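Written out below as structure tokens is the structure these notes cover.
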Amino acid sequence: MGIKSYIGKRAKPKKGSSENIKVSDYMSRNLITFKPEQTVLEVMNTLIKKKISGGPVVNDNHELVGIISEGDCIKEISNSRYYNHPMEDIKVEDHMIKEVETIDGDMNLFDAAEKFLRDKRRRFPICENGKLVGQISQKDVLKAALELKGNSW
């Protein structure tokens, strides 16, 4: 016989409680984005200069079309060397992740934290009406947790 845990009926969330904290309260809105026609070399320079690990790729209408990360760039460094392709010719659109999962800005932050664990992602973009409006990262969730450390969650 294992340990059984019982959680009683939860009270309705109070205004300002951790139950009401949304992803949009902690997402980054001022994002560094990339264009499909940029080179992977440009992306690598930006990642290093801005000390980020990746970012969303948007078209001219600011619609999300992909994500490119350090790992995608490292893969292209390896391929470039192996196939003797100049890095200046390698375009983002050919090497970005095109199947991007987004989350809703109204999602509860702690549900998003569970999603990070389950899906093993570092970041999730947030779109409204087809346009990129923000991004939530694991670091954003950690910052929120530190701010809320005195509260029950």
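A few remarks follow.
- Candidate set from segment 91-133 (those that are of a type in the set (Lys, Arg) and in contact with an Asp or Glu (Cβ under 8 Å, 6 or more places away or on another chain)); member that is farthest from Leu148 (Cα to Cα): Lys91
This table checks each residue for (1) at pLDDT 95 or above; (2) under 19 Å from Glu88 (Cα atoms).
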position	(1), (2)
Phe34	yes, yes
Val40	no, yes
Met44	no, yes
Leu47	no, yes
Ser53	no, no
Val58	yes, no
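Okay, residues lined up against (1) assigned to a loop (DSSP other than H, G, I, E, B); (2) surrounded by 12 or more Cβ atoms within 10 Å (Cβ to Cβ):
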position: Ala113; (1), (2): no, yes
position: Arg118; (1), (2): no, no
position: Phe124; (1), (2): no, yes
position: Cys127; (1), (2): no, yes
position: Leu132; (1), (2): no, yes
position: Ile136; (1), (2): no, yes
position: Lys139; (1), (2): no, yes
position: Leu146; (1), (2): no, no
position: Lys149; (1), (2): yes, no
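- Identity of the residue in segment 100-153, of a type in the set (D, E, K, R) and touching a residue at least 60 places away in the same chain (Cβ under 8 Å), that ends up farthest from Val57 (Cα to Cα): Lys143
- Test: residue in segment 61-81 that is part of a strand (DSSP E or B), modelled with pLDDT of 90 or more and more than 23 Å from Val141 (Cα to Cα): yes
The values are calculated or read from the model by the stated rules, or taken from the named source; none is laboratory data. Quick caveat: nothing in here was measured; it's all calculated off a predicted structure. Every residue, glycine as well, gets a Cβ built from its backbone with ideal geometry; the counts of neighbours run over all protein chains shown.
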